[in-house]
There are 2 protein chains.
Amino acid sequence: MDLLQGVILSPLKIIQHPKGNVLHALKQSDSNFHTFGEAYFSTIAKGEIKGWKKHRLMTLNLIVPVGAIKFVLFDGRDESSTSNQFSEIILSATDNYCRLTVPPLVWVAFQGVDDQLNLLLNIANIEHNPQEADNRPLEQIVYKW
Amino acid sequence: MDLLQGVILSPLKIIQHPKGNVLHALKQSDSNFHTFGEAYFSTIAKGEIKGWKKHRLMTLNLIVPVGAIKFVLFDGRDESSTSNQFSEIILSATDNYCRLTVPPLVWVAFQGVDDQLNLLLNIANIEHNPQEADNRPLEQIVYKW
């Protein structure tokens, strides 16, 4: 599926090293970086789904350095060219090492894919604040997981 | 051992969740945060050591969300109250989940501790630039690993 309006997928470099690799995440000079608010990790067990959540102010920069995570985005914006569309992508440290930038007002849910650890880093433009986020139960935005 | 002058150890929260935990890393409002330059990961295999490296401009914010990593710091600053001292600490996602802030001009080396993946996130105040970093072979700063 195509990306939703304003969503950006940026391939990231992995620099191989015999003692342990280096994996890029985000630079302040990256064209789609604006401000730093907070960085935090989230883990998700295989098959489990966290979501739906929609931020009214936060732009997410999602990176998966360990395991694989499936992200499903739903465009609830009336003014968007991709209004009411879904978009899905699997970010993986081994197969698809990219940064997924999600603008405000897009619904997000994500599911663990690997048996082992699935780790997500979000580098957000503002700090976590439950006041600016809406949550809906999974079944309220119907998607065939 | 005590921390070297200007080095800060900040305990971080882990929010337990049955689907997968949330692990704090860094907020812009944290008292020892200044600017965002770059975030990148480094992995280190058990027993392997990366170092020594000294940054002339970069302040490191080191976080270990997976596994455990031993950091050894050596104070090569003439003006420091801890000049020529070593300091060691093991950061671990399970036993000692903290952020280690390392100011410029401190030598750093680190060693993988766990059998499985050891993952380090560095949120630095400037972008990676080999021009502002000095490297020395491990044996040039003698430490009993």
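Just need a number here: residues in the range B:77-98 that are surrounded by 17 or more Cβ atoms within 10 Å (Cβ to Cβ) and either part of a loop (DSSP other than H, G, I, E, B) or charged (D, E, K, R) (or both).
4
What are the pairs with Cβ atoms under 6 angstrom where one residue, in the range B:126-145, is within 18 Å of B:P103 (Cβ to Cβ) and the other, located anywhere, is among the hydrophobic types (A, V, I, L, M, F, W, C) and assigned to a helix (DSSP H, G or I)? Sequence gap at least six, or different chains.
Sorted first by the residue in the range B:126-145, then by its partner, the list stays empty.
Among the residues in the range B:115-130, are any of a type in the set (V, I, T), surrounded by 17 or more Cβ atoms within 10 Å (Cβ to Cβ) and more than 14 Å from chain A (Cβ to nearest Cβ)?
no
Need the failing condition index for A:W52 against (1) among the aromatic types (F, W, Y); (2) within 19 Å of B:Y40 (Cβ to Cβ); (3) modelled with pLDDT of 95 or more, just the number.
Of (1) among the aromatic types (F, W, Y); (2) within 19 Å of B:Y40 (Cβ to Cβ); (3) modelled with pLDDT of 95 or more, only one is false for A:W52: (2).
Out of the range B:1-59, which residues are part of a strand (DSSP E or B), touching a residue at least 12 places away in the same chain (Cβ under 8 Å) and either at the interface with another protein chain (Cβ under 7 Å from one of its Cβ atoms) or among the acidic types (D, E) (or both)?
B:L23, B:H24, B:A25, B:L26, B:E38, B:A39, B:Y40, B:F41, B:S42, B:T43, B:K50
Within the group B:A124, B:A93, B:A109, which residue is under 29 Å from A:L117 (Cβ atoms), among the small types (G, A, S) and touching a helix residue (DSSP H, G or I) at 6+ places or on another chain (Cβ under 9 Å)?
B:A109
Using beta carbons and a limit of 6 Å, which pairs, at least six apart or on different chains, have the first residue in the range B:61-81 and without any contact (Cβ under 8 Å) to a residue 60 or more places away in the chain and the second one of a type in the set (S, T, Y) and in a strand (DSSP E or B)?
Every condition considered, the pairs that remain are B:A68/B:S92.
The values are calculated or read from the model by the stated rules, or taken from the named source; none is laboratory data. This is a predicted model, so every value here is computed, not measured. Neighbour counts run over all protein chains shown; Cβ positions are idealised from the backbone, glycine included.
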